[in-house]
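A.B. asks: Encoded as structure tokens, here's the structure I'll be asking about.
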């Protein structure tokens, strides 16, 4: 059995990856945590792994053959977006100016150097805007509709695809998942992982660990503060109604997906 975790940023993914790794030998855990690292691995190495967890295109993971359990985790969209912004600022604050100025860190640089209004709305070069929108604007809808992190660069709701079609495609692909969970109910994921992996190979050790150190106790890369306090912090950074209106627009379609997913979870 192989496990593929489609890790959406700021949905407890670091904690979940740590929990999952208990059920596999280290040589069976794919070290790639993003698309660039994944694409650099030769096919023969990829075939040897049993656990894949990272910010990786679903279309890439679909090429991994064999019996598998594929799942993802969602979070209330506005909470996720605001948490992501403050995570970028926190990571940026750890870097010196030279490291922060590199092209691959343009999102971090923008989060700490631009005002909230500029970051969320219209700041930066056209290429920076495309990058920020690709990771911020209704990410669930675009990622699950096309299975890739840069789907937003090719699809544009209302222009190249209707909102209804985008949501329909995303919903269809979400139905393909073996498991879909909420960050608020990770106990359900823990139960399923133990059931799927706990009786296979080294999995019994993971099951034992889960009894004494459950998934809910792993709180890695978590930001302090409630959603309300984060909104107040945004205001203190100079955010105006433009920022808050843009956040609403950037999560409007994802909110449809979130409500459908949580309704499905409540039904069992």
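A.B. asks: Taking the chain on its own, what percent of its Cα-Cα pair distances exceed 32 Å?
C.D. replies: Of all Cα-Cα pairs in the chain, 25 percent lie more than 32 Å apart.
A.B. asks: Is the shape of region 75-207 best called rounded, prolate or oblate, per the rule: a/c under 1.5 gives rounded, else a/b larger than b/c gives prolate, else oblate, with a ≥ b ≥ c the square roots of the Cα gyration tensor eigenvalues?
C.D. replies: oblate
A.B. asks: For all pairs of alpha-carbon atoms in region 69-144, what percent lies in each bin of width 5 Å, listed from the first bin to the last filled one?
C.D. replies: 3, 15, 25, 23, 18, 9, 5, 2, 0
A.B. asks: Still on this model: Given only helices, namely DSSP H runs of n ≥ 4 each adding -39500 (n - 2.57), what is the per-residue ellipticity at 222 nm of the chain, to the nearest 500 deg cm²/dmol?
C.D. replies: That comes out to -16000 deg cm²/dmol.
A.B. asks: Using every alpha carbon pair in region 5-129, what percent of pairs falls into each 5 Å bin from 0 up to the bin containing the largest distance?
C.D. replies: Reading the bins upward from 0: 2, 9, 16, 18, 18, 14, 12, 7, 3, 0.
A.B. asks: Cα axis of helix 77-93 to longest principal axis of the chain: angle in degrees, 0 to 90, nearest 10?
C.D. replies: 80 degrees
A.B. asks: Just order 43-55, 247-259 by mean Cβ neighbour count inside 10 Å, highest at the front, would you?
C.D. replies: Packing order, densest peptide first, comes out as 247-259, 43-55.
A.B. asks: Also, quick follow-up: Mind pulling up the Rg/Rh value for region 1-44? Radius of gyration and Kirkwood radius, both on Cα.
C.D. replies: Ratio of gyration radius to Kirkwood radius for region 1-44: 0.96.
A.B. asks: Cα axis of helix 126-136 to longest principal axis of the chain: angle in degrees, 0 to 90, nearest 10?
C.D. replies: 50 degrees
A.B. asks: So, R0 is 35 Å and r is the distance between the beta-carbons of residue 165 and residue 28; what FRET efficiency does that work out to, to 0.05?
C.D. replies: FRET efficiency, residue 165 to residue 28: 0.35.
The numbers here are math on the coordinates, done by the rules we state, and not lab data. Because the structure is predicted, anything quoted here is derived from the model rather than measured. Methodologically, a virtual Cβ is constructed for each residue, glycine included, from the backbone with ideal geometry; neighbour enumeration extends over all protein chains shown.
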